[in-house]
1. Going by the structure shown, is Asp125 part of a strand (DSSP E or B), open to solvent by 20 Å² or more (accessible area, probe 1.4 Å), modelled with pLDDT of 95 or more and within 13 Å of the ligand (Cβ to nearest atom)?
2. Residue check, Ile140 against (1) of a type in the set (Val, Ile, Thr); (2) in contact (Cβ under 8 Å) with a residue 40 or more places away in the chain; (3) crowded, with 16+ Cβ neighbours inside 10 Å, all met but one. Which one?
3. Cβ-Cβ below 6 Å, separation at least six or inter-chain, first residue in region 62-85 and within 28 Å of Leu20 (Cβ to Cβ), second among the acidic types (Asp, Glu) and modelled with pLDDT of 95 or more: which pairs?
4. Check whether at least one residue in region 171-178 is within 14 Å of the ligand (Cβ to nearest atom), of a type in the set (A, V, I, L, M) and either without any contact (Cβ under 8 Å) to a residue 40 or more places away in the chain or under 26 Å from Val43 (Cα atoms) (or both), and report yes or no.
5. Within region 20-41, count every residue that is over 18 Å from Ile101 (Cα atoms) and either more than 15 Å from the ligand (Cβ to nearest atom) or surrounded by fewer than 24 Cβ atoms within 10 Å (Cβ to Cβ) (or both).
6. List pairs: first in region 97-122 and at positive phi, second open to solvent by 60 Å² or more (accessible area, probe 1.4 Å), Cβ under 6 Å, 6+ apart or cross-chain?
7. Suppose we filter Gly145, Gly105, Gly130 for residues that are more than 16 Å from the ligand (Cβ to nearest atom) and open to solvent by less than 60 Å² (accessible area, probe 1.4 Å); which single one remains?
8. Answer yes if at least one residue in region 192-203 is open to solvent by less than 50 Å² (accessible area, probe 1.4 Å), within 13 Å of the ligand (Cβ to nearest atom) and without any contact (Cβ under 8 Å) to a residue 40 or more places away in the chain, and no otherwise.
Amino acid sequence: MPTVDAQPGPFEFDLDTTALLVIDMQRDFLLPGGFGESLGNDVAQLRRTIGPLRRLLEAWRATSMPIIHTREGHKPDLSDCPPAKLRRGPMIGQPGTFGKILIQGEYGHDIIDELQPLENEVVVDKPGKGAFYATDLEEILTKDGIERLVVTGVTTEVCVHTTVREANDRGYECLVLADCVGSYFPEFQQAGLKMIAAQGGIFGWVAESPALIEEIAR
Ligand code: C5J
């Protein structure tokens, strides 16, 4: 079985039961001048994942393993946005530099140019932080016989963490790639990664993408 050097120990996977999840690499979160930056965040902290993710996607696309991209956002009428989320995120649905913020169909809601999905790759639109909540993700994974997830994207402590926790509770084994996940806050990046691998891998494993790329390119 292919094996990757990881924390808290080796992560074993096989090419038939593993999928790549790319969480919310959207313009609203990553583009300079966009929604994320308008909140006072340093988007460079997220943008450092773009290079590693491009290299990972290139290697992954040479295999038969599925790739699933997600996008956080809402219908234009906000009917899928809980009032509590809107109260603490009143910018959702308001006009921003790249269209209405986090609204499906707007330029800012879509995935950045560098990581645009290919036609055969699934895109899951999600109204929550976790990729399983109110989506078809579990059905898609079950249909494909997926048991392990390599999890990447942004942000580490919010949508990546929520998704890994949801996946862990559903019985998936998750490997999070430290150089392919990003947080606006360096201290959350560090703590978020530590929390996943702590206590014998309470939520999963953590590794660097070159170690995985080497294994899948064999
Ligand atoms: C946030 C996300 N940070 N994709 N969304 O609100 O992590």
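The values are calculated or read from the model by the stated rules, or taken from the named source; none is laboratory data. Computed from a predicted model, the values in this text were never measured in an experiment. Cβ coordinates were reconstructed from backbone atoms using ideal geometry, including for glycine residues, and neighbour counts include every protein chain displayed. Accessible surface is based on the protein model in full, side chains and every heavy atom, while ligands, DNA and RNA are left aside. Shrake-Rupley method; radii C 1.70, N 1.55, O 1.52, S 1.80 Å.
1. yes
2. Answer for Ile140: the failing condition is (3).
3. Taking only residues 6 or more apart or on different chains, the pairs are Pro66/Asp144; Ile67/Glu121; Thr70/Asp24; Arg71/Asp125; Glu72/Asp24; His74/Asp80.
4. Yes, region 171-178 has at least one match.
5. 1
6. Between residues of region 97-122 that are at positive phi and residues that are open to solvent by 60 Å² or more (accessible area, probe 1.4 Å), the close pairs are Gly99/Tyr107.
7. Checking each option against the conditions leaves just Gly145.
8. Yes, because at least one residue in region 192-203 is open to solvent by less than 50 Å² (accessible area, probe 1.4 Å), within 13 Å of the ligand (Cβ to nearest atom) and without any contact (Cβ under 8 Å) to a residue 40 or more places away in the chain.
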